[in-house]
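One structure below.
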Amino acid sequence: QVHLEESGGGLVQAGGSLRLSCVYSGRAFATYNFAWVRQAPGTEREFVAAIDWTGRRTNFADSVKDRFTISRDNTENTVYLEMNTLKPEDTAVYHCAGGQYFGTYLGGYLWWGQGTQVTVSS
């Protein structure tokens, strides 16, 4: 079994920051890639950011580039999403996803967490 669990969501004012965490377990995850994907009510899931197994290769959606940072600590089996200068349009459930795929195509990821709610108020 592969398990991913997100945490760190909450309510924040526009312009504020949050740090999300995704703890993964169950298999040999050290060489797997991970992504953050978000979904607002009534919308499809949207790619946010991805990080490869080394932590040196990353991708960001244009909407979050220069505001969000993705990182990982393989010794702690954790992937992070540092979100800065948050905007109301960032409000969504943020999911962690993983697998051998690296990129923006959501269908490429095999494992998904249940998500953590991020709400940004004006």
* Structure fact -> Phi-derived 3J(HN,Hα) across the stretch 91-105 with the Karplus relation (6.51, -1.76, 1.60, θ = phi - 60°), rounded Hz, x for Gly and Pro, is 4, 4, 8, 9, 10, 9, 9, x, x, 7, 6, 9, x, 9, 6
* Asked: Taking θ as phi - 60°, what are the ³J(HN,Hα) couplings along the stretch 16-22 by the Karplus curve (6.51, -1.76, 1.60), each to the nearest whole Hz, with x for Gly and Pro?
  -> x, 9, 9, 10, 9, 10, 10
* **Within the chain, longest stretch clear of exposed GluC sites (Glu not before Pro) (DSSP loop, no more than 14 other Cβ within 10 Å)** => 77-122
* Between residue 46 and residue 5, what length comes free when the chain is fully extended (0.36 nm per residue of separation minus the Cα-Cα distance, one decimal in nm)? -> 12.9 nm
* the stretch 50-100: relative contact order in percent, alpha carbon pairs under 8 Å with at least 6 residues between -> 24 percent
* Can you run phi through the Karplus equation (6.51, -1.76, 1.60; θ = phi - 60°) for the stretch 74-83 and list ³J(HN,Hα) in whole Hz, with x for Gly and Pro? -> 5, 6, 10, 6, 9, 10, 10, 10, 8, 10
* To do: Quote the charge dipole size of the chain about the Cα centre in Debye, to the nearest 20; the model charges only the Cβ of Lys and Arg (+1) and of Asp and Glu (-1).
  => 160 debye
* **the stretch 12-72: equivalent-ellipsoid semi-axes (sqrt of 5 x gyration tensor eigenvalues, Cα, Å)** => 22, 14, 12
* Roughly how compact is the chain, stated as its Cα Rg over 2.2 N^0.38 Å to two decimals? -> 0.97
* To do: Before anything else, pin down the relative contact order of the stretch 1-105: Cα pairs under 8 Å, at least 6 apart, normalised by residue count, whole percent.
  => 35 percent
* Asked: Based on DSSP, what percent of beta bridges with both residues in the chain are antiparallel, to the nearest 5?
  -> 90 percent
* To do: For the chain, give the percent of accessible area contributed by carbon and sulfur heavy atoms, probe 1.4 Å, rounded to a whole number.
  => 46 percent
* Structure fact -> Sparse-neighbourhood loop hits (trypsin sites (Lys or Arg not before Pro), the stretch 1-99; DSSP loop; Cβ within 10 Å at most 16 others) -> 27, 45, 56, 57, 65, 67
* To do: Please check which bits of the stretch 42-67 a label hung off residue 31 would reach, taking the label as a point 7 Å along Cα-to-C-beta and the cut-off as backbone N under 14 Å.
  => 53-54
* Add +1 for every Lys or Arg and -1 for every Asp or Glu among the other residues with Cβ under 13 Å from the Cβ of residue 13, and state the total. => 0
* Structure fact -> Taking every other residue with Cβ under 13 Å from the Cβ of residue 64 and scoring Lys and Arg +1, Asp and Glu -1, one gets -2
* Asked: Among 79, 94, 117, whose Cα lies farthest out toward the positive end of the dipole of the chain, if unit charges sit on the beta carbon of Lys, Arg (+1) and Asp, Glu (-1)?
  -> 79
* Can you work out the accessible area per residue across the chain, with the rest of the protein chains kept in place, probe 1.4 Å, in square angstrom? => 52 Å²
* Asked: Going through the stretch 26-122, which chymotrypsin sites (Phe, Trp or Tyr not before Pro) have at most 12 other Cβ atoms within 10 Å and a DSSP loop state?
  -> 105
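The values are calculated or read from the model by the stated rules, or taken from the named source; none is laboratory data. It should be emphasised that the depicted structure is a prediction, and the values quoted were computed from it without experimental measurement. Glycine gets a Cβ as well: all are built from the backbone with ideal geometry, and neighbour counts include every protein chain shown. Side chains included, ligands, DNA and RNA excluded: accessible areas come from the protein's heavy atoms. Shrake-Rupley method; radii C 1.70, N 1.55, O 1.52, S 1.80 Å.
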